[in-house]
Amino acid sequence: MVKMATSTIEIDTAMAMEALGGAIAGATTAELKVYLSGELGTGKTTLVRGYMRRLGYKGAVKSPTFTLVESYRLDDRVVHHFDLYRLEDPEELEYIGFDEYFETGADCLVEWPDRGRTGLPDPDIEIYLEMRGVKRFANLAADTEYGRRLLAIIENK
């Protein structure tokens, strides 16, 4: 399977990061696996917040750093938001039944996927967020045909 990286997107505000998350949610037609990487403070949870807002979720969206997963049940879908930052060993994923979250037909957004890489299924989209000086950038890559279709939609907006 060949990855297709999109152009790097400059993100100048938190609102723009939320808009990127919203664009991804707006392009989604079926369950989606998104992996979010980048240093602390680059906007991973802000992107997830935009994703959730686009789906109509009005409540607080915070990083589940200590609980590992926060599940959101909406009218027509379920979204699982993971934060693996505090994961010590990928084997810990087995103890929480991690693979079952991915088998439910839900959207799964995973922060810090490198911490659990050996226990994770392949993502549809990978997003690497980075700071360059005072500017923030999002680098997107598609790992599946579905992911490539979604990125094409996002790029054309």
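Computed values, structure above
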{"item": "Answer from Leu109, Leu74 - the residue that is modelled with pLDDT of 90 or more, loosely packed, with under 14 Cβ neighbours inside 10 Å and not small (Gly, Ala, Ser)", "result": "Leu74"}
{"item": "Some residue of region 49-63 being of a type in the set (Lys, Arg) and in contact (Cβ under 8 Å) with a residue 40 or more places away in the chain", "result": "no"}
{"item": "All positions within region 89-125 that are charged (D, E, K, R) and either on the phi > 0 side of the Ramachandran plot or touching a Pro at 6+ places or on another chain (Cβ under 8 Å) (or both)", "result": "Asp99, Arg115, Arg117"}
{"item": "Those residues of region 5-35 which are of a type in the set (Val, Ile, Thr), within 15 Å of the chain's Cα centre (by Cα) and assigned to a strand (DSSP E or B), in sequence order", "result": "Val34"}
{"item": "Region 122-141: number of residues that are modelled with pLDDT of 90 or more and of a type in the set (Gly, Ala, Ser)", "result": "2"}
{"item": "For His81: the one exception among (1) without any contact (Cβ under 8 Å) to a residue 60 or more places away in the chain; (2) under 25 Å from Asp99 (Cα atoms); (3) in a loop (DSSP other than H, G, I, E, B); (4) not charged (D, E, K, R)", "result": "(3)"}
{"item": "Residue within region 89-102 that is in a strand (DSSP E or B) and aromatic (Phe, Trp, Tyr) present", "result": "no"}
{"item": "Subset tally (residues that are in contact (Cβ under 8 Å) with a residue 60 or more places away in the chain and more than 16 Å from Asp122 (Cα to Cα)) for region 84-109", "result": "0"}
{"item": "Considering residues of region 114-142 that are within 25 Å of Gly26 (Cβ to Cβ) and surrounded by fewer than 19 Cβ atoms within 10 Å (Cβ to Cβ) only, the residue nearest to the chain's Cα centre (by Cα)", "result": "Tyr128"}
{"item": "Any pair with Cβ under 7 angstrom, 6 or more apart, that starts in region 133-157 at a residue that is part of a loop (DSSP other than H, G, I, E, B) and ends at one that is at pLDDT below 90 and hydrophobic (A, V, I, L, M, F, W, C)", "result": "Asp143/Met1"}
{"item": "Residue in region 77-91 that is in contact with a Gly (Cβ under 8 Å, 6 or more places away or on another chain), modelled with pLDDT under 95 and among the basic types (Lys, Arg) present", "result": "no"}
{"item": "Region 111-157, subset of a type in the set (Ser, Thr, Tyr) and out of contact with any strand residue (DSSP E or B) (no Cβ under 7 Å at 6 or more places or on another chain), residue farthest from Met17 (Cα to Cα)", "result": "Thr118"}
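The values are calculated or read from the model by the stated rules, or taken from the named source; none is laboratory data. On a predicted model such as this, the values are computed, not experimentally measured, just so you know. Every residue, glycine among them, receives a Cβ derived from its backbone with ideal geometry; neighbour counts consider all protein chains shown.
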